[in-house]
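S.K.: Submitted below is the structure of interest, expressed as structure tokens.
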Amino acid sequence: MQTEPAHQKNLRSFLARLRSGCDMLDEIARICAEASVRHGALSVIGAVDGAAFGFYDQQAKKYLRLTRPGAYEVIVCTGTITMKDGAPFVHAHVLFGDAEGSAFGGHLMSPTIVFAAELHVSELAGPPPVRLFDDITGLYLWDR
Ligand code: ZN
């Protein structure tokens with residue numbers, strides 16, 4: 001069911017430091033939960049010690065999980081916060097950079113361990129989209 005997206009004005013916008021040694025995805029989720037963010041957009045820059053990320057196999061309808069030990073820059077990480085199963089859910093994609101300047105990345109997974117990182121959250125007003133299982137893709141997609 002497609003409906004016209006409602007105008008979504010910003011409520012709050014804030015910055016937060018992710019704690020060293022913590023899982024990046026867990027830290028984003030914790031900070032958003034503590035701030036009661038149910039709906040918004042996020043970005044992160046920083047560095048990690050160990051990266052985990054996924055590539056969605058569209059034929060098999062499952063994520064291939066990739067991990068790389070070692071230190072990497074978080075060149076960019078962008079994502080959304082919406083509702084799934086009644087709780088805030090963080091979906092983020094990340095581009096990592098290595099010491100040679102090469103980049104790689106995908107769907108952010110755990111464990112991706114924060115060395116140092118800065119989070120920007122833009123909270124949106126109005127009812128958040130809700131993630132529902134989609135038979136065609138095998139993914140939990142927004143209801144609008
Ligand atoms: Zn994804």
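The values are calculated or read from the model by the stated rules, or taken from the named source; none is laboratory data. Note that this is a predicted model, so its numbers are computed, not measured. Every residue, glycine among them, receives a Cβ derived from its backbone with ideal geometry; neighbour counts consider all protein chains shown. Ligands, DNA and RNA are stripped out before the accessible areas are found, and what is left, the full protein with its side chains, is counted by its heavy atoms. Shrake-Rupley method; radii C 1.70, N 1.55, O 1.52, S 1.80 Å.
S.K.: Test Thr80 against the stated conditions and say whether it is in contact with a helix residue (DSSP H, G or I) (Cβ under 7 Å, 6 or more places away or on another chain), modelled with pLDDT of 95 or more and not hydrophobic (A, V, I, L, M, F, W, C).
M.R.: Values: in contact with a helix residue (DSSP H, G or I) (Cβ under 7 Å, 6 or more places away or on another chain): no; modelled with pLDDT of 95 or more: yes; not hydrophobic (A, V, I, L, M, F, W, C): yes.
Answer is no for this residue.
Okay, residues lined up against (1) among the acidic types (Asp, Glu); (2) under 30 Å from Ala125 (Cα atoms):
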{"position": "Ser13", "(1), (2)": "no, yes"}
{"position": "Glu34", "(1), (2)": "yes, yes"}
{"position": "Val37", "(1), (2)": "no, yes"}
{"position": "Gly40", "(1), (2)": "no, yes"}
{"position": "Gly50", "(1), (2)": "no, no"}
{"position": "Lys61", "(1), (2)": "no, no"}
{"position": "Pro69", "(1), (2)": "no, no"}
{"position": "Val74", "(1), (2)": "no, yes"}
{"position": "Thr80", "(1), (2)": "no, yes"}
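S.K.: Another question, if that's okay. So Ala99 clears everything in (1) small (Gly, Ala, Ser); (2) surrounded by 14 or more Cβ atoms within 10 Å (Cβ to Cβ); (3) on the phi < 0 side of the Ramachandran plot except one condition, right? Which one?
M.R.: Looking at each condition in turn, Ala99 falls short on (2).
S.K.: Mind listing just one residue for me: the one in the stretch 18-50 that is open to solvent by less than 20 Å² (accessible area, probe 1.4 Å) and within 15 Å of the ligand (Cβ to nearest atom) and, of those, farthest from Gly86 (Cα to Cα)?
M.R.: Val44
S.K.: Could you say whether any residue in the stretch 65-86 is open to solvent by 40 Å² or more (accessible area, probe 1.4 Å), over 14 Å from the mean Cα position of the chain (by Cα) and within 15 Å of the ligand (Cβ to nearest atom)?
M.R.: So far as the stretch 65-86 goes, yes, one or more of its residues are open to solvent by 40 Å² or more (accessible area, probe 1.4 Å), over 14 Å from the mean Cα position of the chain (by Cα) and within 15 Å of the ligand (Cβ to nearest atom).
S.K.: Please work out if Val90 is buried (at least 19 other Cβ atoms within 10 Å of the Cβ), out of contact with any Lys or Arg (no Cβ under 6 Å at 6 or more places or on another chain) and of a type outside the set (Gly, Ala, Ser).
M.R.: Working: buried (at least 19 other Cβ atoms within 10 Å of the Cβ): yes; out of contact with any Lys or Arg (no Cβ under 6 Å at 6 or more places or on another chain): yes; of a type outside the set (Gly, Ala, Ser): yes.
Taking the combined requirement at face value, the residue satisfies it.
S.K.: Limited to the stretch 95-119, what total is found for residues that are touching a strand residue (DSSP E or B) at 6+ places or on another chain (Cβ under 7 Å) and either touching a residue at least 60 places away in the same chain (Cβ under 8 Å) or away from the ligand (no atom under 16 Å from the Cβ) (or both)?
M.R.: Quick first cut of the stretch 95-119, residues touching a strand residue (DSSP E or B) at 6+ places or on another chain (Cβ under 7 Å) only: 95-98, 103-119.
Of the ones still in play, those that are also either touching a residue at least 60 places away in the same chain (Cβ under 8 Å) or away from the ligand (no atom under 16 Å from the Cβ) (or both) are 97-98, 103, 108-119.
Residues that pass the stated criteria total 15.
S.K.: Failed condition for Thr67, given (1) assigned to a strand (DSSP E or B); (2) closer than 22 Å to Ser13 by Cβ; (3) among the β-branched types (Val, Ile, Thr), with all others met?
M.R.: (2)
S.K.: If I ask for residues that are touching a Leu at 6+ places or on another chain (Cβ under 6 Å) and away from the ligand (no atom under 16 Å from the Cβ), which ones from the stretch 120-144 would you list? Before the answer, list the steps.
M.R.: So in the stretch 120-144, the residues touching a Leu at 6+ places or on another chain (Cβ under 6 Å) come out as 120-121, 123, 125, 134, 143.
His120, Val121, Glu123, Ala125, Asp143, listed by residue number.
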